[in-house]
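The values are calculated or read from the model by the stated rules, or taken from the named source; none is laboratory data. Being a predicted model, the structure only gives us computed values, none of them experimental. Backbone-built Cβ (ideal geometry, glycine too); neighbour counts: all protein chains shown.
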Amino acid sequence: MKLTVPWWFWFGRVPEISPETLKTWLESGKPLQLVDARTEAEYCSGTIGTAWHAPVTQLPGSLEKLPVESETPVVALCLTGHRSRPVVRLLRRKRIEAYSLRGGVRQWRRMGYPLQEPGECR
């Protein structure tokens, strides 16, 4: 019997990628969409690339407002890799290739990779 985890549940497994893989994809120009599920304050303190903001506390509405393209993979971001899981589940239910960043933005920073200030927070 397969146990299905509800989309909103923060625990359970979803497909993940490592910070190293994400960095490689970004540097190679691989078409990607980034979605940051953190709070507004966390998001405005710096995000990866040009990530869109879709706070997990406002799902699924915050995600539905984004211009997500179904043919382009999505990497969901959060602080530690837990709050991004509901985003991945919702997108995969829509048949969109989606991954959670393993270790989240915290691990990204530990690796010495840069963050950018989102334009809408300036």
**Asked** Do we find a residue being in a helix (DSSP H, G or I) and touching a residue at least 24 places away in the same chain (Cβ under 8 Å) anywhere in the stretch 60-70?
**Response** yes
**Message:** Can you say whether Leu90 is of a type in the set (A, V, I, L, M, F, W, C), in a loop (DSSP other than H, G, I, E, B) and in contact (Cβ under 8 Å) with a residue 40 or more places away in the chain, as far as the supplied structure shows?
**Reply:** no
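Confirm whether Gly46 is modelled with pLDDT of 95 or more and within 20 Å of Arg110 (Cβ to Cβ).
In short, yes.
For the stretch 86-120, name all the residues that are of a type in the set (A, V, I, L, M), closer than 15 Å to Leu34 by Cβ and surrounded by 17 or more Cβ atoms within 10 Å (Cβ to Cβ).
From the stretch 86-120, those of a type in the set (A, V, I, L, M) are 87-88, 90-91, 96, 98, 101, 105, 111, 115; that's our starting set.
Filter once more, so that each one left must be closer than 15 Å to Leu34 by Cβ: 87-88, 91, 96, 98, 101, 105, 115.
Listed by number, the residues that qualify are Val87, Val88, Leu91, Ile96, Ala98, Leu101, Val105.
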**Subset tally (residues that are of a type in the set (Gly, Ala, Ser) and at positive phi) for the stretch 73-122** = 4
**Prompt:** Within the stretch 12-59, restricting attention to residues that are out of contact with any Phe, Trp or Tyr (no Cβ under 8 Å at 6 or more places or on another chain) and in a strand (DSSP E or B), which residue is surrounded by the fewest Cβ atoms within 10 Å (Cβ to Cβ)?
**Reply:** Trp52
